[in-house]
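Just below is one structure, and these are the notes that go with it.
The values are calculated or read from the model by the stated rules, or taken from the named source; none is laboratory data. These numbers come from a predicted model, not from an experiment. Ideal geometry is used to build each Cβ from the backbone, glycine not excepted, and the neighbour counts take in all protein chains shown. Just so you know, the surface numbers come from the protein's heavy atoms only, side chains and all, with ligands and any DNA or RNA stripped out. Shrake-Rupley method; radii C 1.70, N 1.55, O 1.52, S 1.80 Å.
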Amino acid sequence: MILVTAALLSLTPAVDDVSYAKDVHPILAENCFKCHGPKKQKGGVRLDMKAGLFEGDEGFIPVVPGDPDGSLLLEVCELPEDDPDLMPEGGPRLSEQALGTLRAWIEQGASWEAVMTEDEAEQRLVLPGLTAEQEAARAQALERVGAAGAIVLPVARDLHALDANLSLLRAAAGDDALAAMAGLEPSLVWLNLSGTAVTDAGLASLAGFKELRRLNLSRTAVTAAGLTHLAAMGQLEVLNLYGSKVGDDAVAAIAALKGLKRIYLWESAFSEEGFTALAKACPELGIDRGLAPVVEATPPVAGAVNETCPVSGSAVDGTIVTVYESQPIAFCCKDCKAKFEADPAAYAGNLPGARPAAVNTKCPVSGGDVDASVTSIFEDQAVAFCCAKCKAAFDAEPAKFADKLPKAKAAAVNTKCPVSGGDVDAGVTSTFEGQAVAFCCAKCKAAFDAEPAKFASRLKG
Ligand code: HEC
């Protein structure tokens, strides 16, 4: 009984604050932009820009904030699998989870923000190379902060840029933890200190972190005095002060942050007058007062990618985490963590956004064996490569290498039918959470399609 409930819960779309950048943009980018983006606008529809999403003829507006049932985008994605007007055209239908996210986003008012393309974002994170001395200092710092329980991860393959998250440590992380980061100055681009015990004085340790792009000081005791230590951070773009003590006297310190694009001040100490003064001092700055959902303010479990344990399906305890494929994964208990670490491949499919299995085992560029963690999406299928160089060569000119790929459709994640338990027929499949699921017969497929939650827990292995 408990297990069934857990499986259902894990499939319930997250309905708390849906963020365009974090939740919605990735769905549209993966499924829609190739026909409704910069290169093509099928049916005259363009979904990668604000105007295209929110404008249109009466009754044909893709997104009507607050009105999911009046939004054409959702209507065409919720059509039955066999409807010729179903989007994405040619299928497969979006997962129930993705549809739930889109619906919740529209219900919550469909807040929108500009999102950098992946190329742009990655370009911004190519930092100057490190000297041998810097490498050594960085390695020592990583050891110190790792031992203290902070999660520090590379933000992208082949880049030395780092993302540090101390929010898991809550009050256990204070000014000492900031001092321990000395040595990460040339690499640290994102820093999450939400809910930690850092103080104004402690922020002095960050003064030399000139590569920081995003800093989260939400729910800390930081005030205007602390912000003066950030003055040299010319790259800082996003500053989250949600629930902090920062108030009207911080206008000058914020205005001094010349690169700042967005600031979160929901439940800070700012008054109406303060907001007015800030808007006047920084006319280009996106000021979020909390009228719309606050991005990144309350991560589900402070940075972990999952809210349900990939082993048991129960809700996770945010303090029990491991790192898998450069991402923090949380568990419900230590036993599950140990099981996962012993055989991550067996459970990775239960993680949100799990990568679909690649269609190939040989690199289409070099012909060598692939590394399953280096992939691109090509014609809706995951393609794996032997190394990042080959991926880059493929991404630049996929047509040149496409005929080296097997023609078959994505391999199913299972060999036993999740409904009957019998051997599967590889020709009878559905797509569930971005992965191909095979069945023994069309009847079982129909049963699964009608109620995937009921059978999803049987999809291991
Ligand atoms: C392979 C190309 C392709 C993909 C991928 C695709 N579409 Fe479309 N879309 C089309 C075409 C073609 C039309 C025009 C259909 C027509 O006019 O009958 C269209 C039309 C639409 C329309 C307008 C429908 C109408 O009745 O006017 C919407 C809204 C839409 N698509 C949304 C989406 C969304 C959302 C996604 C991603 C989940 C998506 N599309 C993915 C090809 C695509």
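With charges only on Cβ, +1 for K and R and -1 for D and E, what is the dipole size of the stretch 146-262 about its Cα centre, in debye, rounded to 20?
Details: 10 positive and 10 negative charges, 66 e Å.
Once rounded to the nearest 20, the dipole reads 320 debye.
Counting only protein heavy atoms and using a 1.4 Å probe, what share of the accessible area of the chain belongs to carbon plus sulfur, as a whole percent?
55
Tell me the relative contact order for the chain as a rounded percent, counting alpha carbon contacts under 8 Å between residues six or more apart. Mind showing how you got there, number by number?
Working: 872 pairs, mean separation 42.6, N = 461.
Value for the chain: 9 percent.
Calculate the dipole size of the stretch 410-461 relative to its Cα centre from +1 charges on Lys and Arg beta carbons and -1 charges on Asp and Glu beta carbons; express the result in debye to the nearest 20. Present the calculation step by step, with values, prior to reporting the outcome.
Working: 6 positive and 5 negative charges, 29 e Å.
Using Cβ point charges on Lys, Arg, Asp and Glu, the stretch 410-461 gives about 140 debye.
Could you work out the relative contact order of the stretch 410-461? I mean the mean sequence separation of Cα pairs under 8 Å and 6+ apart, divided by the number of residues, in percent.
Numbers: 86 pairs, mean separation 19.8, N = 52.
So the answer I get is 38 percent.
Could you pull out the trypsin sites (Lys or Arg not before Pro) across the stretch 37-97 that fall in loop regions by DSSP (anything but H, G, I, E, B) with no more than 14 other Cβ atoms inside 10 Å?
On the way: sites: Lys39, Lys40, Lys42, Arg46, Lys50, Arg93; in loops: Lys39, Lys40, Arg46, Arg93.
The qualifying sites are Lys39, Lys40.
Among Pro352, Phe209, Leu130, flag the residue with its Cα farthest along the positive direction of the charge dipole of the chain, charges on Cβ as +1 for Lys/Arg and -1 for Asp/Glu.
Working it through, the farthest residue towards the positive pole turns out to be Leu130.
Name the residue farthest towards the positive end of the dipole of the chain from the options Ala141, Ala382, Ala104, assuming +1 on Cβ of Lys and Arg, -1 on Cβ of Asp and Glu, about the Cα centre.
Looking along the dipole axis, the top candidate is Ala141.
Evaluate the charge dipole of the chain about its Cα centre and quote only its size in Debye, nearest 20, assuming +1 on the Cβ of each Lys and Arg and -1 on the Cβ of each Asp and Glu. Walk me through the numbers on the way to the answer.
On the way: 41 positive and 61 negative charges, 214 e Å.
Dipole magnitude for the chain comes out near 1020 debye.
Quick check: the angle from helix 96-107's long axis to the longest principal axis of the chain, C-alpha only, nearest 10 degrees?
Compared with the principal axis, the helix lies near 50 degrees.
Going down the table (Lys42/Lys416; Lys34/Lys280; Lys334/Lys445; Lys362/Lys443; Lys22/Lys245), which pairs top 32 Å between alpha carbons?
Flagged as over cut-off: Lys42/Lys416; Lys34/Lys280; Lys334/Lys445; Lys362/Lys443.
Return one whole number: the accessible area per residue of the stretch 10-107 in Å², for a 1.4 Å probe. Present the calculation step by step, with values, prior to reporting the outcome.
Working: 5290 Å² over 98 residues.
On a per-residue basis, the stretch 10-107 sits at 54 Å².
In terms of the ratio Rg/(2.2 N^0.38 Å) built on C-alpha atoms, what value belongs to the chain?
Working: Rg = 23.4 Å, N = 461, 2.2 N^0.38 = 22.6 Å.
Against the compact-globule rule of thumb, the ratio is 1.03.
For the ranges 234-247, 358-371, what's the packing order if you count other beta-carbon atoms within 10 Å of each residue, average per peptide, and put the highest first?
Descending mean neighbour count gives 234-247, 358-371.
Answer rounded, prolate or oblate for the stretch 124-288, using the Cα gyration tensor with square roots of eigenvalues a ≥ b ≥ c: rounded when a/c is under 1.5, else prolate when a/b is larger than b/c, else oblate.
Details: a/c = 2.22, a/b = 1.56, b/c = 1.42.
Prolate.
For the stretch 121-202, with every protein chain kept in place, what is the accessible area per residue (1.4 Å probe, Å²)?
On the way: 3730 Å² over 82 residues.
I get 45 Å² per residue for this part.
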